[in-house]
Amino acid sequence: MVCLMPIEIRESEDGVTFSVRVIPRASRTEIAGEIGGAVRVRVSSPPVDGAANDVLIRLIAKRLSVPRSAVEIVSGSASRTKLVRVSGVTTERLRDALLS
């Protein structure tokens with residue numbers, strides 16, 4: 001059973017931090033909603049040599065219209081569940097860009 005609950009977004013002066021659940025080797029790269037308090041993201045790349053992380057960072061940066069350098073994987077770089085920080089973004093902008 002999939003537990004659906006709103007994602008937890010922590011906002012600070014310089015940006016937002018939130019959880020992401022990555023599904024590697026998907027048929028396409030896309031944001032696929034929310035799951036267990038995290039944003040669910042399907043990536044077409046395999047989790048080899050950081051390829052899936054790179055695709056994740058590019059996708060989030062593109063959707064939020066920020067440079068890739070503004071997106072950082074804070075923890076979980078080798079896990080499917082990651083903590084991501086985006087600088088220069090508000091909670092409202094994040095929700096509009098990723099969850100609409």
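Go through segment 25-55 residue by residue and tally those that are of a type in the set (G, A, S), over 23 Å from P67 (Cβ atoms) and out of contact with any Lys or Arg (no Cβ under 6 Å at 6 or more places or on another chain).
To start, the set of residues in segment 25-55 that are of a type in the set (G, A, S) comprises 26-27, 32-33, 36-38, 44-45, 50-52.
Restricting the remaining residues to those that are over 23 Å from P67 (Cβ atoms) gives 26-27, 32-33, 36-38.
Filter once more, keeping what is out of contact with any Lys or Arg (no Cβ under 6 Å at 6 or more places or on another chain): 27, 36-37.
Going through segment 25-55 one residue at a time, the tally reaches 3.
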### Message
Tell me which strands (runs of 3 or more DSSP E) are completely within segment 1-62 and hold 3 or more residues being in contact with a strand residue (DSSP E or B) (Cβ under 7 Å, 6 or more places away or on another chain) and not aromatic (F, W, Y), or say none if there are none.
### Response
15-23, 30-35, 38-42
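Is it fair to say T29 is loosely packed, with under 15 Cβ neighbours inside 10 Å and at pLDDT 95 or above? If you could, list the steps in order and put the result at the bottom.
On the way: loosely packed, with under 15 Cβ neighbours inside 10 Å: no; at pLDDT 95 or above: yes.
No: the conditions fail for T29.
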### Task
Go through segment 89-100 and give me each residue that's loosely packed, with under 15 Cβ neighbours inside 10 Å and either at pLDDT 95 or above or among the aliphatic types (A, V, I, L, M) (or both).
L99
### Message
Need pairs with beta-carbon distance below 8 Å; first residue free of Cβ contacts under 8 Å to residues at least 40 places away in the same chain and within segment 46-57, second part of a helix (DSSP H, G or I) and β-branched (V, I, T); sequence gap 6+ or separate chains.
### Response
none
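The values are calculated or read from the model by the stated rules, or taken from the named source; none is laboratory data. Because the structure is a prediction, the values reported are computed rather than measured. A quick note on method: Cβ atoms are made from the backbone with ideal geometry, for glycine too, and the neighbour counts reach across all protein chains shown.
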